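Taking it in order: structure first as structure tokens, then the write-up.
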Amino acid sequence: MLKVLERYSDIIRSFRIAKFEQVGTSLRLRVEVEFIDGSKLYIRETVIEGAKRKAIWSMR
């Protein structure tokens, strides 16, 4: 994910990793991205036992 944020750094004002938890091959990640126009993107990603993956995003 950091590579994507770096790639689009010209339109991103800031980002914050709100949560990162990892146990074995499972993880939870929440990221808040603020763009230069003031809009915000909220990303939630969950990986269960390294296989199942669920990603949710919303823009405000």
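Please treat every number below as a calculation from the coordinates, not as lab data. Because the structure is a prediction, the values reported are computed rather than measured. Reconstructed Cβ throughout: ideal geometry from the backbone, glycine too, with neighbour counts over all protein chains shown.
Miscellaneous remarks
- The simple spin-label model puts a point 7 Å past each Cα toward its Cβ; for I17 and E49 those points are separated by 2.6 nm.
- For the stretch 2-59: rounded, prolate or oblate by the Cα gyration tensor [a/c cutoff 1.5]: prolate
- The listed peptides 21-28, 2-9, ordered by packing as a protection proxy, come out as 21-28, 2-9 (highest mean of other Cβ atoms within 10 Å first).
- Think of the chain as a dipole: +1 on every Lys or Arg Cβ, -1 on every Asp or Glu Cβ, centred on the Cα centre; then among I17, T46, V31, T46 lies furthest on the positive end.
- Taking the Cα centre of the chain as origin and assigning +1 to Lys and Arg Cβ atoms and -1 to Asp and Glu Cβ atoms, the resulting dipole is close to 200 debye.
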